[in-house]
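Every number here is computed from the coordinates shown, using simple stated rules; none is lab data. Predicted model, so just to flag it, every value in this text is computed and none were measured. When we count neighbours, we look across all protein chains shown, and the Cβ atoms used for this are built from the backbone with ideal geometry, even at glycine.
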Amino acid sequence: MGLKSNIYKILRILNDVNAVRKGRVKQRMGRRVSGKITGRLLRKLFK
């Protein structure tokens with residue numbers, strides 16, 4: 001894996017920890033799921 005992907009992975013974990021501390025886990029999970037679905041739909045549209 002490249003450096004950039006490793007940095008993004010670390011940042012994602014740190015943001016998950018931060019969400020747990022602030023009690024915003026549900027919001028974060030909802031945004032991540034909706035982002036993945038949107039990305040998949042856009043990928044299918046512009047194939």
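Rounded to the nearest 20 debye, the dipole magnitude of segment 3-45 is 120 debye, with +1 charges on Lys and Arg beta carbons, -1 on Asp and Glu beta carbons, and the Cα centre as origin.
Just to confirm the number: angle between the C-alpha axis of helix 25-45 and the first principal axis of the chain, 0 to 90 degrees, nearest 10? Helix 25-45 and the main axis of the chain meet at about 10 degrees.
Starting from 0.36 nm per residue, how many nanometres of slack lie between Q27 and I13 once their C-alpha separation is accounted for?
On the way: separation 14, 0.36 × 14 = 5.04 nm, distance 1.54 nm.
Gain in length upon complete extension: 3.5 nm.
The value given for the chain is a Kirkwood hydrodynamic radius of 12.2 Å, derived from the mean inverse Cα-Cα separation.
For the chain, lysine pairs with C-alpha atoms less than 26 angstrom apart, excluding pairs fewer than eight positions apart on the same chain, total 11.
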